[in-house]
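The values are calculated or read from the model by the stated rules, or taken from the named source; none is laboratory data. These numbers come from a predicted model, not from an experiment. Note: ideal-geometry Cβ built from the backbone for every residue, glycine included; neighbour counts use all protein chains shown.
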Amino acid sequence: MIVSAVSSIADAPEWATRLRELGFIEGEPVAVLRRGQPGGEPLAVRVGVSTFALRKAEAACVRVRPAAEGR
Amino acid sequence: MSTAVPVDMSHLAPPLVALVGNPNCGKTALFNLLTGSRQKVANYAGVTVERKEGVLRTRSGRRLAVLDLPGTYSLVPHSPDEQVTCDVLSGRLQGERRPDMIIAVVDATHLPRQLRLVLGLIRMGLPVVVALNMTDLARARGFEVDAAKLSRELGVPVVSTVAVKARGAEALLAELEQGVAKDVALRIPAQAVAAAAGDPREDHRRVREILTALGLDALQAHTFTMRADQLLLNPVLGPVVLVALLFLIFQAVFAWAEAPMGWIEAATGAVGDLVGGLLPEGLLRSLLVDGIVAGLGGVLVFLPQIVILFFFILLLEESGYLPRAAFLLDRLMGGVGLSGRSFIPLLSSFACAIPGIMATRTIQNPRDRWVTIMIAPLMTCSARLPVYALLIGAFIPAREVAGGLELQGLVLFALYIAGIVSAIAIAWLVKHFGARDRTQTLMMELPDYHWPSMRNIAIGLWQRVMIFLRRVGGIILALTVLLWFLATFPAPPEGAAGPAIEYSFAGMLGSFMLPLFEPLGFNWQIAISLVPGMAAREVAVSALGTVYALSATGDDTAEALAPLIAASWGLPTALSLLAWFVFAPQCLSTLATVRRETGGWRAPLLMAGYLFGLAWLASFATFRIASSCCS
Ligand SMILES: Nc1nc2c(ncn2[C@@H]2O[C@H](COP(=O)(O)OP(=O)(O)OP(=O)(O)O)[C@@H](O)[C@H]2O)c(=O)[nH]1
Ligand SMILES: [Mg+2]
């Protein structure tokens, strides 16, 4: 998967900036490695060569598209 | 006076060089290497949370002041620890000069995100040297970063370093020697830090170009880390491994420590006898044998257990497992309104609540941070270990229960759990009855696993031993002597019956406090020992040692403390005292730290009050229940 857009939620307007600073930038490859239980939270997400633990709400701010789709 | 002669600046403050970079890239390791310091290094983001200064002497004899800073992902701070770094860089910090130069530390195995920060740092306008760190790991993973090429791309000097190897910073030292010499004179007025932050997307584009030029645009994630996480983050097996690991640690603390503890006990006994035999009966002998040897020996005996506990903690810290444990526990903590971010501060509190409370600076959400600070003292700090170990050793039989588990280790485990469970309960209460708050932020890095270097672990342990011995030789010794004094004077009146201590200041204080503690099953000896325990919890043990040595009639003074109290207290009293120490609000330095970190008296007073109340209630309940069961 490839990041297609990064946004914030109303309660936390700084999230988009922070997520980009961590490396969730449009065009970067991402993959969900693991989900915690119960409730599928948090997620272990790889972006580039780094891995981050994200809550669902945070991960939802990162839109993705399949890698094959081209640009 | 001639103005043509260059002014000799050597008497002025030396140039200030700041280490800046992403979290966990090796800044502190490099700082230690450059300045010969021993600051804490560990494999997770957010180890350093305050500025630390050290002095570096270059080979030509120049002095440089080196500043180690908390790691930051960008120049826009999101948490109190990142704020420290940004404030230092902008020169906004009170009484703090602005760095003259920046060493931008970069983890070679995670280049893209690290280089984005470097671009921002360069834009700030201060002279920058890039330290390309962890080049040993890059090589082990089969790639090499060309420092010369990177330097051409960035337009600043780049040197390779290995911060965990002796002489791993030679190239950096050489660069500093020249760099600072020519740059300090310039003192470019720098722009505001925030303005230099820039758009991550722009910087990302530039970094991609640089990486392509270096032939590093197809880097792969660390294979071992990915594989290990398949198991360790597994929803079912992950928690099983975590619990098994914690359990193993507690078993080891008791099982492995037995022999060395025996040696220390024998040695203290021998010293007591020797000193007692050399000196005539009198005050000096009483001070040395009853006060110092009995008091300090009682604390010293727990050194092996502390060493074993820290050995495991250091292993966990260096390997990179800790953030995984936080990952596994995030849901559980979410249930009580906290996040996995609170895990590492809480875990650090098992060593001591003070670094734990400092570590809450990495928590972005102020409410989360506040709750974490309030419950941190419920994590059983290592200073409580001697108290637990003394009571368990004296009252809980050393026998095996089902499956080769050791009863004493089991009880110790239960005490730690009791602290954790009450912390969870309190966080839950705050969540339900406190103010509602906005969304929490987790966004926590899971670093690559590293093999713990035995050298680092050995150094870490050595430091722990020294801290403990320094406490024993410093504050614990001082309080023990003070207590001996209070317990010896004034001397009993002529013809008084009973041990002299009952007529002393300590005896009076004990009887004065007794009404408050009697319902808990405490006698006046215990009540006294709680007072010096407020300065250092271990002193409760040495205080008991001194008080009992002085109350003894006859020549059983050299006897070890454990059998003494086993003979004179009932089991309900012992259990009640254990319950007291689960909550025990009595640590003044913790309260002082809370005041500093929260910036007011409200939080520390609230903390002392609620912990005292809980301790009293828990002890009361334990004593009543145990008494009715035992009779
Ligand atoms: N192999 C290897 N390991 C290193 C090197 N430099 C640092 N480490 C390890 O990397 C981890 C992080 O090092 P620290 O010095 O604590 O990192 P930091 O940048 O100070 O981290 P924060 O204080 O959290 O910002 C530790 O486990 C170090 O032992 C290196 O050059 N090679
Ligand atoms: Mg550090």
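Scanning segment B:318-345 for residues that are more than 14 Å from chain A (Cβ to nearest Cβ) and crowded, with 24+ Cβ neighbours inside 10 Å gives a single hit, B:Pro345.
Taking segment B:212-309 and the helices (runs of 4 or more DSSP H) fully enclosed by it, the elements with 3 or more residues that are modelled with pLDDT of 85 or more are at B:223-232, B:237-255, B:258-278. Summed over segment B:255-269, the residues that are farther than 15 Å from B:Ala562 by Cα, more than 26 Å from the chain's Cα centre (by Cα) and surrounded by 12 or more Cβ atoms within 10 Å (Cβ to Cβ) give a count of 1.
Among the candidates B:Leu126, B:Leu137, the residue that is within 14 Å of chain A (Cβ to nearest Cβ) and either surrounded by 22 or more Cβ atoms within 10 Å (Cβ to Cβ) or in contact with a helix residue (DSSP H, G or I) (Cβ under 9 Å, 6 or more places away or on another chain) (or both) is uniquely B:Leu137. Scanning segment A:37-52 for residues that are within 7 Å of chain B (Cβ to nearest Cβ), touching a residue at least 12 places away in the same chain (Cβ under 8 Å) and within 18 Å of B:Pro323 (Cα to Cα) yields A:Glu41, A:Pro42, A:Ala44, A:Arg46, A:Ser50, A:Thr51, A:Phe52. If the condition is being in contact (Cβ under 8 Å) with a residue 24 or more places away in the chain and away from ligand 1 (no atom under 14 Å from the Cβ), then segment B:444-462 contributes only B:Leu461. Of all residues in segment B:20-32, those that are under 10 Å from B:Gln114 (Cβ atoms) have Cβ atoms under 9 Å from Cβ atoms of residues that are in a helix (DSSP H, G or I) and near ligand 2 (Cβ under 8 Å from one of its atoms), 6 or more apart or on another chain, in B:Gly21/B:Lys27. If the condition is being within 14 Å of chain A (Cβ to nearest Cβ) and either within 16 Å of ligand 2 (Cβ to nearest atom) or aromatic (Phe, Trp, Tyr) (or both), then segment B:87-108 contributes B:Val106, B:Asp107. Of all the criteria given as (1) more than 21 Å from B:Leu391 (Cα to Cα); (2) aliphatic (A, V, I, L, M); (3) more than 14 Å from chain A (Cβ to nearest Cβ), the one not satisfied by B:Leu446 is (3). Residue-level check: of (1) within 19 Å of B:Cys25 (Cα to Cα); (2) modelled with pLDDT under 90, B:Leu186 misses just (1).
Residues that are of a type in the set (S, T, N, Q) and surrounded by 15 or more Cβ atoms within 10 Å (Cβ to Cβ) were ranked within segment B:229-254; the one that is nearest to B:Gly297 (Cα to Cα) is B:Gln251.
Test B:Gly272 against the criterion of being in contact (Cβ under 8 Å) with a residue 40 or more places away in the chain, farther than 22 Å from A:Arg34 by Cα, touching an Asp or Glu at 6+ places or on another chain (Cβ under 8 Å) and more than 14 Å from every other protein chain (Cβ to nearest Cβ), and give yes or no. It is false that B:Gly272 is in contact (Cβ under 8 Å) with a residue 40 or more places away in the chain, farther than 22 Å from A:Arg34 by Cα, touching an Asp or Glu at 6+ places or on another chain (Cβ under 8 Å) and more than 14 Å from every other protein chain (Cβ to nearest Cβ). Is segment B:43-55 home to any residue that is over 22 Å from B:Arg464 (Cα atoms), surrounded by fewer than 18 Cβ atoms within 10 Å (Cβ to Cβ) and more than 9 Å from ligand 2 (Cβ to nearest atom)? Yes, there is a match, as at least one residue in segment B:43-55 is over 22 Å from B:Arg464 (Cα atoms), surrounded by fewer than 18 Cβ atoms within 10 Å (Cβ to Cβ) and more than 9 Å from ligand 2 (Cβ to nearest atom).
Residue count for segment B:399-443 satisfying the condition of being within 14 Å of chain A (Cβ to nearest Cβ) and under 27 Å from the mean Cα position of the chain (by Cα): 4.
Of the listed requirements (1) within 24 Å of B:Ala458 (Cβ to Cβ); (2) buried (at least 16 other Cβ atoms within 10 Å of the Cβ); (3) modelled with pLDDT under 90, B:Leu89 misses just one: (1). For B:Phe512, the conditions (1) more than 21 Å from the chain's Cα centre (by Cα); (2) surrounded by fewer than 13 Cβ atoms within 10 Å (Cβ to Cβ); (3) more than 29 Å from B:Val541 (Cα to Cα) are fulfilled apart from (3). The strands (runs of 3 or more DSSP E) found entirely in chain A that carry 1 or more residues being surrounded by fewer than 21 Cβ atoms within 10 Å (Cβ to Cβ) are A:2-6, A:30-35, A:43-47, A:62-65.
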